[in-house]
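The values are calculated or read from the model by the stated rules, or taken from the named source; none is laboratory data. Values in this document were obtained by computation on a predicted structure and should not be read as measured data. Neighbour counts run over all protein chains shown; Cβ positions are idealised from the backbone, glycine included. Ligands, DNA and RNA are stripped out before the accessible areas are found, and what is left, the full protein with its side chains, is counted by its heavy atoms. Shrake-Rupley method; radii C 1.70, N 1.55, O 1.52, S 1.80 Å.
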Amino acid sequence: MAVCARLCGVGPSRGCRRRQQRRDPAETAAADSEPDTDLEEERIEAGAAELCSEWSGRSSSPSPPPRCSLLELPPELLVEIFASLPGTDLPSLAQVCTKFCRILHNDTIWRRRCREEYGVCENLRKLEITGVSCRDVYAKRINPRVKSGRFMKILPDYEHMEYRDVYTCLLHRYRHILGLWQPDIGPYGGLLNVVVDGLFIIGWMYLPPHDPHVDDPMRFKPLFRIHLMERKSATVECMYGHRGPHNGHIQIVKKDEFSTKCNQTEYHRMSGGRQEVSLRSCHQEQTSSACRQPEGSLPWFILTLLVQKEFRTWLREEWGRTLEDIFHEHMQELILMKFIYTSQYDNCLTYRRIYLPPSHPDDLIRPGLFKGTYGSHGLEIVMLSFHGKHARVTKITGDPNIPAGQQTVEIDLMHRIQLPNVENLCNFNELSRIVLEAQEQVRQEQQRQEDRTEDGEGSGPPTEVREPGNEGAAPLKEEPVQFVLPVGVSSRNENYPRTCRMCFYGTGLIAGHGFTSPERTPGVFILFDEDRFGFIWLELKSFSLYSRVQATFRNADAPSPQAFEEMLKNIQSLTS
């Protein structure tokens, strides 16, 4: 009887349908007069009685709560229960019985799953309340450069769409591409954030602010979007270019890699953007000699390229400048090289997943993404992470000298440096002496460590770290001290903090064009505050200022510290 009670969901007080169906009325009456229990039931009921007695001692109710089947619950309560389950479990639940399947057609369940799992807050039924103006505002939020009238015929009809279709055909289908990614654009890299934005999945390319304003907020532009054009049919559109969204394609290669392809690259070109304009006549009017090219000027074919409408538009968006504002010849060459190189990747791109670094209470500051100044290369995006006794700064975007994925700065957290007073700090030779002392100390400790390893003594006890520039002094406290750049050290941004919390010895990676002859050179890591730090490149006599990226990224946490370390190795190996 206990087995039957568990199957049909009724207790012994109501009788067992299974036995009643197999007996005639006389047998049923006789059976009702007999005790409807067996030894197994008696044992189960005895255990239940003990539980009830324990419950009665803690509760005022002398009897156990009545048994109830899930099927007997009202539909409103089942909707609330099902809406709290993960969306991936609902299809299996729909196969249990017809009642469950019918209840799971309630759009309230799927709307809650869309909101809790993917952050969808839009109401499909209210998008039409304000008429066209609502779609107008929504379309402009996706691509403000294109007039809203061109979106009217391609926006989906949300009034007849269900949240179940949004969840199953859009959000769940493309869930693997949500998060942070690094595009494979040679040495330049990039930062792509794929998010659920309203009823769209949009890939936003994050760009650093215009050089040298490192404290300004990040810029971003859409590269692609996915939405439901028709019921149960997701559409991928490329957003690259200046002529509005057009047909695109996304292929998920594997778990942590996917690619995008544009099927209409003519949309990437501006009207008249490829028309060449000769500069020879203009230049002849400005120079006394029409037959001789001025020394140091760029070749004529490059000058012809530079005046193209498309390049000028790219230059204004990428650098926030016009061609006439850039006088440095080397910077002109770097900008032109990046324009030509990145233009080759507007058809197809491959993206590889990146994670945000895990944090620990003992970290010097909160790890994460930062914007940094890199001389003529402009601003670049880096990632600060902590690894025991060391901290690393890894490039997310790069340049022809140090490509994306490389470890641009390494900080030795075991070797603090006390800077001299402001008067002595202005002397570059004094700072160089302190840093070279720290470098020699690190070299000696590494040599002793290697000797102990060769002798089979193991690592041995840790050696006491002496702070260069603070011989015989007490341990440094984390108190703000005045800071100024030494004379002769160049900086792209003169608006750097004038106080710092602490400094450490570190090394910076430098290399020739094409990442040739890379080597690590000594430098100083300066911690200004929770959101800013700097690095002085001793050999280059250059200063880089870094400012935190103030943005919240979803689906970007590493599943484990090992997964983050593996990610760092992968992105570094791609550009080595």
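Placing Lys395, Lys541 in order of accessible area, with the largest value first and a 1.4 Å probe, yields Lys541, Lys395.
Determine the order of Arg173, Arg520 by accessible area, beginning with the largest, at a probe radius of 1.4 Å. Working shown, then result.
On the way: Arg173 135, Arg520 95 Å².
Heavy-atom accessible area, descending, gives Arg173, Arg520.
Distances over 15 Å make up what percent of all Cα-Cα pairs in the range 365-451?
69
Ordered from longest to shortest, the equivalent ellipsoid semi-axes for the range 311-381 are 31, 19, 9 Å, each the square root of 5 times a Cα gyration tensor eigenvalue.
Annotation: extensible slack from Asp529 through Thr108 equals 146.9 nm (criterion: 0.36 nm per residue apart, minus Cα-Cα distance).
Close amide H pairs (under 5 Å, H built 1.01 Å from N) link Phe220 with Leu207, residues at least 5 positions away or on another chain. Each of Asp216 and Asn247 was given a label point 7 Å from its Cα along the Cα-to-Cβ line. The distance between the two points is 3.8 nm. Applying the Karplus relation 6.51 cos²θ - 1.76 cosθ + 1.60 with θ = phi - 60° to the range 311-316 yields 3J(HN,Hα) values of 5, 4, 5, 4, 5, 5 Hz, where x marks Gly and Pro.
Working value for the range 496-540: equivalent-ellipsoid semi-axes of 25, 10, 8 Å, each the square root of 5 times a Cα gyration tensor eigenvalue, largest first.
Applying a threshold of 26 Å to the alpha-carbon distances of Lys309/Lys371; Lys221/Lys309; Lys221/Lys389; Lys254/Lys395; Lys232/Lys255 flags Lys309/Lys371; Lys221/Lys389 as lying beyond it. Spin-label model, Asn424 to Asp363: label points 7 Å out along the Cα-to-beta-carbon direction sit 3.4 nm apart. Electrostatic bookkeeping for Ile510 treats Lys and Arg as +1 and Asp and Glu as -1; over the other residues with beta carbon under 15 Å from its beta carbon, the sum is -2. The residues neighbouring Gln264, those whose beta-carbon lies less than 12 Å from its own, together hold a net charge of 0 under the Lys/Arg +1, Asp/Glu -1 convention. For Gln406, the residues whose modelled amide H falls within less than 5 Å of its own, excluding neighbours fewer than 5 places apart on the same chain, are Lys395.
A cut-off of 5 Å between modelled amide H atoms, ignoring neighbours fewer than 5 places along the same chain, links Asn106 with no other residue.
Computed from backbone phi, the HN-Hα couplings of the range 245-255 come to x, 8, 5, x, 8, 10, 10, 7, 5, 7, 4 Hz, rounded to whole numbers (Karplus: 6.51 cos²θ - 1.76 cosθ + 1.60, θ = phi - 60°; Gly and Pro given as x). The Lys232 and Leu93 beta-carbon pair, evaluated with R₀ = 30 Å, returns a calculated FRET efficiency of approximately 0.90. Ligands, DNA and RNA excluded, the heavy atoms of His213 present near 100 Å² of accessible surface to a 1.4 Å solvent probe. The heavy atoms of Tyr374 present about 30 square angstrom of accessible area, all protein chains included, probe 1.4 Å.
Largest accessible area first, the listed residues Asp211, Asp325 line up as Asp325, Asp211 when surface is computed with a 1.4 Å probe on the assembled protein chains.
Summing charges over all other residues whose Cβ lies under 14 Å from the Cβ of Arg554, with Lys and Arg as +1 and Asp and Glu as -1, gives -1.
One chain, two ends: Lys255 and Asp346. Fully extended at 0.36 nm per residue, the span grows by 30.4 nm beyond their Cα-Cα distance. Peptides 71-77, 531-537, ordered by how many other C-beta atoms sit within 10 Å of their residues on average, highest first, read 531-537, 71-77.
I need the calculated FRET efficiency for the pair Ser573 and Leu71, taking r as the beta carbon distance and R₀ as 41 Å, to the nearest 0.05.
Given R0 = 41 Å and the Cβ-Cβ separation, E is 0.15.
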